[in-house]
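Colleague: What follows is a single structure, and I will ask about it in a moment.
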Amino acid sequence: MSLFTPILVETGKDLNTFCPRAAIFISPDGSRYSDKYSDSSAAWVMAASILIFFMKAGFLFVEVAFVSDDTQARRRVILAKYLDTCASALGFYLFGFGVSGSADQAYLGEDKDFIEWFFRFTFASNTATIVHGTLVGHTRKLRMIALFIYAFLISAFIHPFLAREMWSSVGHFSPFRFCNGTLNKYTASFDYTSSFPGPNRDMFFLDYAGSGSVHMLGGFGGLVLALLCKWEDRKKRQQKKEDQSKRTPS
């Protein structure tokens, strides 16, 4: 299924088709969502979260392989992974979790569902760590304070905003906005979807495994960083040519 394939929601359609996460969040009576977990559900979510979090180890090994002959560069890569993890955790705890959640969640993390917090944090943290890989092996190095700032901003605001739009029950592009708390009945409010622009207000797309809000966002962040470095290099070359022309006797 293409990332941007429009899907029409039909009345009476089984919402398990559109709400695959529902089974994790059902309450003991099996009818409605809940932020309380059974032991098996909590173990499943935590196991999945840990697997996602250890994608950082994969990024670390790949980046270290590019600078395997430079001890100092290897140390910088390892330090960068630790630093962007700390910045991401801070940003996501203070702002990101509230921004990425539903409308009734506070922006400063008043919701105490730490299992769900850790699950969402792993995506935000991996988004931030993708950007740094752009300059691995490059002659230009990213300052650690700059890395901390961009990781904080991505995890606190940029990724959570996209996650809210693509994954939450109130997102304008999310299929989960049709899941109003029941698992098998379509009772979405057309008063809400009527504010959605476009010819078909019931269209949405599936962001499978974070292809948009994680990988695409991290890739665009790395592209911006690479373009900034290219612009800076071009500026320095131009300045060098001007200095040489001034020293050249007429």
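Colleague: Within 14 Å, Cβ to Cβ, of Gln244, how many net charges do the neighbouring residues add up to if Lys/Arg are +1 and Asp/Glu are -1? Numbers along the way, then the final one.
Modeller: Working: positive: Lys236, Arg237, Lys240, Lys241, Lys246, Arg247; negative: Glu242, Asp243.
So the surrounding residues net to +4.
Colleague: Could you check the spin-label model distance between Val62 and Ile145? Points 7 Å from the Cα along Cα→Cβ, value in nm.
Modeller: 3.0
Colleague: From the cross-link list Lys141/Lys241; Lys141/Lys240; Lys56/Lys141; Lys56/Lys236, which pairs have alpha carbons spaced over 26 Å apart?
Modeller: Lys56/Lys236
Colleague: Right, here's the next one. Let a ≥ b ≥ c be the square roots of the eigenvalues of the Cα gyration tensor of the stretch 40-98; is it rounded (a/c under 1.5), or, if not, prolate (a/b larger than b/c) or oblate? Numbers along the way, then the final one.
Modeller: Working: a/c = 4.47, a/b = 1.69, b/c = 2.65.
Judged from the Cα gyration tensor, the stretch 40-98 comes out oblate (a/c at least 1.5, b/c at or above a/b).
Colleague: I want to check the label-to-label distance for Cys86 and Gln72. Put each point 7 Å from Cα in the C-beta direction and report it in nm to one decimal.
Modeller: Taking the simple label geometry, Cys86 and Gln72 are separated by 2.2 nm.
Colleague: Mind ranking 54-63, 72-81, 37-46, 165-174 by how tightly packed they are, going by the mean number of other C-beta atoms within 10 angstrom, highest first?
Modeller: Values: 54-63: 15.1, 72-81: 16.6, 37-46: 13.5, 165-174: 18.9.
Going by the mean number of other Cβ atoms within 10 Å, highest first, we get 165-174, 72-81, 54-63, 37-46.
Colleague: A further question follows. Given a Förster distance of 45 Å, report the FRET efficiency between Cys229 and Ile50 from their Cβ-Cβ distance, rounded to the nearest 0.05. Please list the in-between numbers first.
Modeller: Values: r = 34 Å, r/R0 = 0.76.
The calculated FRET efficiency here is 0.85.
Bear in mind these aren't lab numbers, they're just calculated from the coordinates by the rules spelled out. Remember, it's a predicted structure, so these values are computed and weren't measured experimentally. Positions of Cβ are backbone-derived with ideal geometry, glycine not excepted, and every protein chain shown enters the neighbour counts.
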